[in-house]
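This report concerns only the one structure given below.
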Amino acid sequence: MKIKLITISLAISAWLLSPLSQADHHEFVGGIEVAAPFNLQVQMCTLADGVSQKQYDAFLNEFFAWTKKHDTEVTFIRQQSLFSHANASNPNPYDFVEFLATDHRSAGKAWINGSQQKTVKSSEKNGANSPLAM
């Protein structure tokens, strides 16, 4: 009886004290708070014919360097299926899934920097008198 009472009191104590416990280092890259609102972009990717995963990763590393340069870093997660429901008559429609998460401010900053960069490149390509020039 005494052991049951101790076990029950420990279980109740743990249940009552659990909301007070805090774990450390639960955040995304770039300091996004887990409980704060954030953007999530989901990409279901299939590599084009002739493009290798290594080539795609090189492009992706250029993107990450760009985001770091413009202070708009993202949290990146890639999921490749270990098991799927695909078979010969029902293949997977994608090779892998990517998730990019960032806070709203960084996402907006990336859109602004990206659109300005495209406009500048277009004006360089089309000449200074181009309607695309800033």
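Bear in mind these aren't lab numbers, they're just calculated from the coordinates by the rules spelled out. All values derive from a computational prediction rather than experimental measurement. Note that each Cβ is placed from the backbone with ideal geometry, even for glycine, and that neighbours are counted across all protein chains shown.
Points worth noting:
- The alpha-carbon atoms of the range 30-115, seen along their principal axes, cover 44, 32, 19 angstrom, with the largest extent given first.
- Among ASN90, GLY108, VAL42 - extreme Cα towards positive end, dipole of the range 41-110, charges at beta-carbon: GLY108
- Residues of the range 53-93 with an amide N closer than 14 Å to a point placed 7 Å from the Cα of LEU40 along the Cα-to-Cβ direction: 75-79.
- Derived scalar couplings ³J(HN,Hα) [the range 78-84; Karplus, 6.51 cos²θ - 1.76 cosθ + 1.60; whole Hz; x for Gly, Pro]: 10, 10, 10, 5, 7, 10, 9
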